[in-house]
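Engineer: First the structure, then my questions, so here it is.
The values are calculated or read from the model by the stated rules, or taken from the named source; none is laboratory data. All figures in this text were calculated on a predicted structure; none of them were measured in a lab. Cβ placement follows ideal geometry from the backbone for every residue including glycine, while neighbour counts extend to all protein chains displayed. Heads up: the accessible areas ignore ligands, DNA and RNA and are worked out on the full protein's heavy atoms, side chains in. Shrake-Rupley method; radii C 1.70, N 1.55, O 1.52, S 1.80 Å.
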Amino acid sequence: MIEVENVSFTYPSGVEALREISITIGDGEFVAIMGENGAGKTTLIKQLNGILKPEKGNVYIDGVNTKEASVAELSRNVGLVFQNPDHQLFSETVEEEIAFGLRNFGFPEEEISKQVDWALNLLDIARYKKTSPFLLSGGERKRVALATVLAWNPKIIVIDEPTIGQDYTQKEKLRRFFNELNTQGRTVIIVTHDVEFVADCSPRVVLMYQGQIISEGRAKTILTSQEVASKASILLPQISELFHQLGDLGLPRDVIDVSEAKELIEDLVKRSKHHESL
Amino acid sequence: MKVFEGLKFKRVSSPIHRLDPRTKFIVSCVIFAQAFLFTEFLYLIILFVAQIPLVLLARVHKQWTRSLRGSLILTLLIFFTNLIVGVVSNDFQLTSDALTYSTSMSLRFVVLMTSFSIFFLTTSPDDLGLALEQSHVPYEFCFAFTTAVRFVPVLAREAQTIMDAQKSRGLELEKGGFMKRIRNYVPILIPLIVSSIRRSLELAEAMETRAFGAKKRRTSLYALKITREDILTLILCLVLLITTVYVRLYIPIPEVTIPIPRL
């Protein structure tokens with residue numbers, strides 16, 4: 001369980017990135033943190049494995065105060081994947097890259113090779129096992145970075161902008177993959193601007209604005225509110241926008257899911273045909 | 001990383017900022033020379049104190065103190081190395097002379113640090129490039145130089161992010177013996193170098209799309225002008241330099257020593 005209690009944080013440059021933030025994330029939750037650039041999303045997730053320590057307030061991971069544990073200790077349970085994969089890739093092969101974290105955490109050798117293969121298959125990069133990570137495309141490097149963290153199987157997985165540079169197929173795979181991790185009882189936290197992706201995943205949404213949480217709740221509630229969205233500078237998913245404008249037809253306005261939308265429209269068409277035939 | 005703060009230009013308007021970069025460079029060199037002419041405690045302390053009004057005048061005291069704090073470890077290292085050598089060469093006796101000498105040496109470092117801080121904090125990379133250009137340095141070199149200076153803070157920030165990313169993968173920089181600790185930096189240096197090379201290639205492409213080097217002779221919109229203040233400052237510097245060289249050669253400086261604190 002993650003407990004963030006009244007956390008404030010200011011960077012040495014004087015930028016006030018977090019202002020009295022409190023949030024509790026239970027085990028096995030799927031959370032998307034959204035908000036405009038500079039809202040404090042990345043600063044917030046960096047508090048979770050102790051890279052940044054709160055200036056005021058406290059962060060507890062399973063009851064452990066992050067101020068009293070090292071980044072390495074916390075990272076064993078909180079796997080943080082940074083936005084830019086180029087900030088961490090350094091090995092000669094993808095295989096070595098993934099093994100790096102496992103070695104740091106003292107996994108035995110046979111376990112390492114097992115976990116490496118598992119992570120390679122999971123992210124669809126097994127064919128690059130012996131390739132240099134620097135030769136891969138941007139999207140592939142991103143998946144390697146994700147694999148390096150997933151390999152040690154942390155209880156909580158935090159990913160900064162997972163969908164950047166991924167094509168539709170890979171995004172769809174990522175979505176299924178996050179859901180799968182989630183059903184296995186892992187806590188998944190993503191930071192993203194990709195509203196369509198969030199609408200598909202349907203997680204708990206936390207909206208940030210100028211270092212504060214301005215709204216949170218199910219994706220269906222948050223991503224259908226015009227008022228909240230405009231304050232946090234996000235564009236609503238297209239389905240939600242469409243249903244907002246179709247509201248006068250007597251359709252519900254809180255729809256973000258394609259299949260739900262399909263049923264509602266089919267229903268409407270059927271009813272109108274029925275009317276005509278009368 | 002704090003040391004870099006002392007070299008990051010901040011755009012404010014002050015009499016020091018308005019001076020010609022060439023003038024400021026000469027002032028810095030004169031202070032530099034001063035610090036090397038004298039080892040006497042008294043003079044170095046005067047030199048140090050004399051720089052403080054300049055820092056305040058340029059309104060960069062915040063960055064300056066931050067860079068001083070950043071270089072504290074190096075200052076202490078200089079102090080203790082000199083002190084230990086002084087004590088060892090004097091039959092393991094702590095003398096007031098040794099204490100004074102090591103304080104002077106640390107002060108000398110602080111003075112040098114300050115003079116370069118003032119220069120870099122008050123001179124924009126653009127002005128610096130312009131000064132080089134107008135001193136007839138080929139444009140390609142000027143450009144390379146200003147770009148390098150401009151990217152120092154970017155690189156510092158990037159190094160920090162990389163360190164955070166690797167720590168999140170369980171890397172413990174302070175773990176292990178001496179060799180292991182050095183090897184711990186490999187996962188930080190490689191991404192730093194690779195991303196710098198990547199960035200420079202991107203920069204080169206971006207420059208090429210904007211026709212870098214299309215014309216041999218470039219004209220610039222802004223031209224540096226030596227003003228009356230510049231000439232005054234330069235004369236002052238010259239007078240100071242001549243006087244101090246004279247003092248150095250012919251006039252003994254009164255000795256001031258730091259007494260050993262009684263324990």
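Engineer: Checking B:Phe143 against (1) more than 10 Å from every other protein chain (Cβ to nearest Cβ); (2) at pLDDT 85 or above; (3) not in a helix (DSSP H, G or I): exactly one of these is not met. Which one?
Structural biologist: Condition not satisfied by B:Phe143: (3).
Engineer: Same structure, new question: May I ask you to say which residue of B:Leu99, B:Leu76, B:Leu56 is open to solvent by 30 Å² or more (accessible area, probe 1.4 Å), modelled with pLDDT under 90 and among the aliphatic types (A, V, I, L, M)?
Structural biologist: Being open to solvent by 30 Å² or more (accessible area, probe 1.4 Å), modelled with pLDDT under 90 and among the aliphatic types (A, V, I, L, M) holds for just one of B:Leu99, B:Leu76, B:Leu56, which is B:Leu56.
Engineer: Picking from A:Arg253, A:Arg176, which residue would you name as being under 18 Å from A:Glu29 (Cα atoms) and either in contact with a helix residue (DSSP H, G or I) (Cβ under 7 Å, 6 or more places away or on another chain) or open to solvent by 20 Å² or more (accessible area, probe 1.4 Å) (or both)?
Structural biologist: Just a single option satisfies the conditions, and that option is A:Arg176.
Engineer: While we're on this one: Which condition number does A:Arg103 fail, the rest of (1) among the charged types (D, E, K, R); (2) touching a Pro at 6+ places or on another chain (Cβ under 9 Å); (3) within 13 Å of another protein chain (Cβ to nearest Cβ) being met?
Structural biologist: Evaluating A:Arg103 over (1) among the charged types (D, E, K, R); (2) touching a Pro at 6+ places or on another chain (Cβ under 9 Å); (3) within 13 Å of another protein chain (Cβ to nearest Cβ) leaves (2) as the failure.
Engineer: Anything in segment A:114-165 that is basic (Lys, Arg), surrounded by 16 or more Cβ atoms within 10 Å (Cβ to Cβ) and farther than 30 Å from A:Thr24 by Cβ? List them, or say none.
Structural biologist: Hits for segment A:114-165 are A:Arg141, A:Arg143.
Engineer: Restricting attention to segment B:61-111, which residues are outside any helix (DSSP H, G or I) and among the hydroxyl-bearing types (Ser, Thr, Tyr)?
Structural biologist: B:Ser71, B:Ser89, B:Thr95 - these are the residues of segment B:61-111 that are outside any helix (DSSP H, G or I) and among the hydroxyl-bearing types (Ser, Thr, Tyr).
Engineer: May I ask you to list the residues in segment B:183-239 that are within 14 Å of chain A (Cβ to nearest Cβ) and open to solvent by 100 Å² or more (accessible area, probe 1.4 Å)?
Structural biologist: B:Arg183, B:Leu201, B:Glu202
Engineer: Suppose we filter segment A:109-144 for residues that are polar (S, T, N, Q) and more than 15 Å from A:Glu92 (Cα to Cα); how many remain?
Structural biologist: 4
Engineer: OK, next. Before we move on, is B:Leu173 of a type outside the set (D, E, K, R), under 30 Å from B:Leu155 (Cβ atoms), open to solvent by less than 90 Å² (accessible area, probe 1.4 Å) and away from every other protein chain (no Cβ under 14 Å)?
Structural biologist: Answer is no for this residue.
Engineer: Quick one: what pairs do we get from segment A:222-237, first residue within 17 Å of A:Asp257 (Cβ to Cβ), second surrounded by 13 or more Cβ atoms within 10 Å (Cβ to Cβ) and of a type in the set (Phe, Trp, Tyr), C-beta under 8 Å, 6+ apart or different chains?
Structural biologist: Cβ pairs passing all conditions: A:Thr224/A:Phe243.
Engineer: Quick check on A:Glu216: is it acidic (Asp, Glu), at pLDDT 85 or above, touching a Leu at 6+ places or on another chain (Cβ under 7 Å) and surrounded by 14 or more Cβ atoms within 10 Å (Cβ to Cβ)?
Structural biologist: yes
Engineer: Continuing with the same structure: Please state which one of B:Ala206, B:Ala165 is assigned by TED's automatic domain parsing to the domain that holds B:Glu140, part of a helix (DSSP H, G or I) and under 30 Å from A:Thr66 (Cα atoms).
Structural biologist: B:Ala165
Engineer: Which ones in segment A:87-100 are more than 11 Å from every other protein chain (Cβ to nearest Cβ) and either buried (at least 24 other Cβ atoms within 10 Å of the Cβ) or closer than 9 Å to A:Ala145 by Cα (or both)?
Structural biologist: Matches in segment A:87-100: A:Val94 only.
Engineer: Give me the pairs: first residue in segment A:150-161 and outside the structural domain of A:Gln88 (by TED's automatic domain parsing), second residue open to solvent by less than 10 Å² (accessible area, probe 1.4 Å) and of a type outside the set (Asp, Glu), beta-carbon distance under 6 Å, and six or more apart or on different chains, which are they?
Structural biologist: Matching pairs, first to second residue: none at all.
Engineer: Residue by residue through segment A:75-86, note down the ones that are more than 8 Å from every other protein chain (Cβ to nearest Cβ), open to solvent by 10 Å² or more (accessible area, probe 1.4 Å) and under 22 Å from A:Asp27 (Cβ atoms).
Structural biologist: Answer for segment A:75-86, where residues must be more than 8 Å from every other protein chain (Cβ to nearest Cβ), open to solvent by 10 Å² or more (accessible area, probe 1.4 Å) and under 22 Å from A:Asp27 (Cβ atoms): just A:Asn77.
Engineer: Are there any pairs with C-beta distances below 7 angstrom linking a residue in segment A:267-278 that is open to solvent by 100 Å² or more (accessible area, probe 1.4 Å) to a residue that is part of a helix (DSSP H, G or I), with the two at least 6 apart or on different chains, and if so which?
Structural biologist: So the pair list comes out empty.
Engineer: Take A:Arg204 and tell me if it is in contact with a strand residue (DSSP E or B) (Cβ under 9 Å, 6 or more places away or on another chain), open to solvent by less than 50 Å² (accessible area, probe 1.4 Å) and basic (Lys, Arg).
Structural biologist: So A:Arg204 passes the test.
Engineer: Which of the following residues is part of a loop (DSSP other than H, G, I, E, B), outside the structural domain of A:Ser215 (by TED's automatic domain parsing) and farther than 15 Å from A:Thr221 by Cα: A:Leu242, A:Leu251, A:Leu268, A:Leu264?
Structural biologist: Going through A:Leu242, A:Leu251, A:Leu268, A:Leu264 in turn, just one is part of a loop (DSSP other than H, G, I, E, B), outside the structural domain of A:Ser215 (by TED's automatic domain parsing) and farther than 15 Å from A:Thr221 by Cα: A:Leu251.
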